[in-house]
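I'd like to ask some things about the structure below.
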Amino acid sequence: MRADTIFALASAPGRAGVQVIRISGPDAGAVLSRLTGRPLPPPRQAALVGLRDPVTGELFDKALVLSFPTPGSFTGEDVVELHLHGGRAVLSAATQALTGLGLRVAEPGEFSRRAFEHGKLDLTEAEAIADLVDAETAAQRRQALRQMEGALGQLYDGWRHRLTRALAHLEADIDFPDEDLPGGLSDAVRPVVVGLVAELSAHLADQGRGERLRDGISIAILGAPNAGKSSLLNAIARRDVAIVSNQAGTTRDVIEVQLDLGGYPVLLADTAGLRDAADLVETEGIRRALDRAAKADLKLLVFDGGELPDPATLALADDDAILVMNKADLPGAVAPLVGRPILPISARTGEGVPALLAALEQAVAARYAPSGAPALTRARHRSALEECRENLHRALQAPLPELAAEDVRLAVRALGRITGRVDVEDLLDVIFRDFCIGK
């Protein structure tokens, strides 16, 4: 455990009505007394006090202060908060006073790391704090809150406890073969392992739902040149993001816009028109368009209402595609016969765009709305779960009980690394380094 005392600005930097400095460590209470010249206020009760630089004696602010003694604090250490006026000069004076008392500025994520080290959080809950700070949509907020409340950690710890019990049965069978133990211990363990393999497989077969909500759901706009893809992107974004021109092949690279679609984070991408390319640059643009189509979670296939259906665009129609007929407002526009429903719109006038957005929102919600068990949210979790499942598969095929026990032990360790129960020291820097200062 760490013995030094740290501090950091826990609110957003810049001019504001209030800014909060958080202090954590064994000297937090003594530091507050030095700043105020008074005893500590009662725990968790705000007190309005004057704050003075202990070296110069100069009053630098009159502020609310709170004390959170160990162990009933976020970090599990003594914690103090200074609720200062939000001016730069106040922050500068407070920083000077605290460093003068021997405190150091916290590293990114250090408060959450100390909370983990003192058993206040497991790693999934700590990661959820970072996700909640970064959340930009309602769906991201809900997912982060559910994980921060322990839903994901409880699921993985439950699996780990079941495997630990199974491992105890196997080791008893190995270590005490001559004891009068109940028969069929290995037979009793097998259904547990088989059941956990099935649960792990179902959890992993989620099409990356949790990761998509964290990082953004990818939607690609695809179609022939001059079908109106860039105009549609601008209409959905409600600003001029892409250049619109009557000249075919204007879009050469992928143009992306981040959206909040009914509470879901979406990355909408305009792509080069699909046709036989006229030059090397356009060829590369089309290659990128097709690559984006292959990786997209959903596709908007845009057809020109005044033209015959484009075969290259039709070839991309699958269960993840929504078909759109643009230029529906033009005389003579006719929906192409493409063998499935197609939404008529006019990217120029906005006609039909609300209906398209509603269809997109419905498609996104159908795929990514929370349901059942909490979704895994990070590649780190997925890798550990796949390792756990692989070890359990080996355990089921092991010819000797000693080998089966070792594979189950490895599976237990893989699960423990997700929540931080075992062997995670080498992971901590990676996990916490992307946190913001003050968390």
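The values are calculated or read from the model by the stated rules, or taken from the named source; none is laboratory data. Everything numeric in this text was worked out from a predicted model, so none of it was measured. Neighbour counts run over all protein chains shown; Cβ positions are idealised from the backbone, glycine included. Ligands, DNA and RNA are excluded from the accessible area calculation, which covers all protein heavy atoms including side chains. Shrake-Rupley method; radii C 1.70, N 1.55, O 1.52, S 1.80 Å.
So how far apart, in nm, are the two label points at residue 33 and residue 393 if each is 7 Å from Cα heading toward Cβ?
Reported label-point gap for residue 33 and residue 393 is 6.1 nm.
Between residue 96 and residue 47, how many nm apart are label points set 7 Å from Cα along the C-beta direction?
The modelled label-to-label distance comes out at 2.6 nm.
To the nearest 20 debye, what is the magnitude of the charge dipole of the chain about its Cα centre, counting +1 on the Cβ of each Lys and Arg and -1 on the Cβ of each Asp and Glu?
1560 debye
May I pose another question? Take peptides 320-327, 5-12 and line them up by average Cβ neighbours within 10 Å, highest first, as a rough protection proxy.
Values: 320-327: 22.4, 5-12: 19.8.
Highest to lowest by the protection proxy: 320-327, 5-12.
How much length is gained if the chain between residue 312 and residue 201 is pulled fully straight, taking 0.36 nm per residue apart and subtracting their Cα-Cα distance, in nm to one decimal? Spell out each step's value before the answer.
On the way: separation 111, 0.36 × 111 = 39.96 nm, distance 3.59 nm.
Length gained between residue 312 and residue 201: 36.4 nm.
Okay, next question. Using the Karplus equation 6.51 cos²θ - 1.76 cosθ + 1.60 (θ = phi - 60°), what ³J(HN,Hα) coupling, rounded to whole Hz, does each residue of region 259-274 give in order, writing x for Gly and Pro?
Here the 3J(HN,Hα) series is 9, 9, 9, x, x, 9, x, 10, 10, 9, 10, 8, 10, 5, x, 8 Hz.
How big is the Cα convex hull of region 63-136 in projection, averaged over all directions, in nm²?
6.2 nm²
Okay, next question. Counting Lys and Arg as +1 and Asp and Glu as -1, each charge on the Cβ, what is the dipole of region 40-197 about the Cα centre in debye, to the nearest 20?
That gives a dipole near 900 debye.
Separate question: Counting only protein heavy atoms and using a 1.4 Å probe, what share of the accessible area of the chain belongs to carbon plus sulfur, as a whole percent?
Its accessible area is 53 percent carbon and sulfur atoms.
Rg and Dmax of the chain, Cα atoms, in Å?
In order Rg, Dmax, the Cα atoms of the chain give 29.0, 90 Å.
Lys/Arg Cβ at +1, Asp/Glu Cβ at -1, dipole of region 43-179 taken about the Cα centre: which of 51, 118, 105 is farthest positive-ward?
So the residue we want is 51.
Taking only the alpha-carbon positions of region 25-178 and ignoring solvent, what does the Debye formula give for the base-10 log of I(q)/I(0) at q = 0.10, 0.16 Å⁻¹?
Here the Debye-derived log intensity ratios amount to -0.54, -0.99.
Can you work out the FRET efficiency for the pair residue 15 and residue 149, with r the C-beta to C-beta distance and R0 = 41 Å, to the nearest 0.05?
With R0 = 41 Å, the Cβ-Cβ based efficiency is 0.75.
State, to one decimal in nm, how far the label point of residue 58 lies from the label point of residue 400, with both points 7 Å from Cα in the Cβ direction.
7.5 nm
Sticking with this structure for a sec: Ignoring ligands, DNA and RNA, what accessible area per residue does the chain give at 1.4 Å, in Å²?
49 Å²
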